[in-house]
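Encoded as structure tokens, the structure appears first; notes follow it.
The values are calculated or read from the model by the stated rules, or taken from the named source; none is laboratory data. None of the values given here were measured: they were computed from a predicted structure. Here the Cβ is made from the backbone with ideal geometry for all residues, glycine too, and neighbour counts use every protein chain on show. All accessible areas refer to the heavy atoms of the entire protein, side chains included, with ligands and DNA or RNA removed. Shrake-Rupley method; radii C 1.70, N 1.55, O 1.52, S 1.80 Å.
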Amino acid sequence: MNKRERKQVCINLSIEVYEKLEENADKRELDKTNYITYLIQNDNDDMYSERAARALDNISCSTEMLLNKVKKDDKVRPFVVDIRDGVKDLWQCLR
């Protein structure tokens, strides 16, 4: 690639975000430009789609319904609680 095939980008980041950028780039042994390129090339639109949100919402609702039907001392209850907590974690990742 020559200079004509490239575009320069300037972005303003808070200090906290900039430090996170540096930290994450260092973890992957990349400079900031290559790390940002990596993020763009590995962006997954489906993870943030309406379809993913609907699927998580359905799992959330079904899990809550199961928790309401399963007795407190049922052996399956801890697994349902794990599912509920996992779904909550996934929601946090999507925000």
Checklist entry - In this structure, does ASP85 turn out to be under 16 Å from the mean Cα position of the chain (by Cα), open to solvent by less than 100 Å² (accessible area, probe 1.4 Å) and farther than 30 Å from ALA25 by Cβ? => result yes
Checklist outcome for this item: Residue hits (region 1-34; open to solvent by 100 Å² or more (accessible area, probe 1.4 Å) and part of a loop (DSSP other than H, G, I, E, B)) are MET1, ARG6, LYS7, GLN8, VAL9, CYS10, ASN12, ARG28, GLU29
Next on the checklist: Among the numbered criteria (1) surrounded by fewer than 10 Cβ atoms within 10 Å (Cβ to Cβ); (2) modelled with pLDDT of 85 or more, which one does THR37 miss?
Outcome noted: (1)
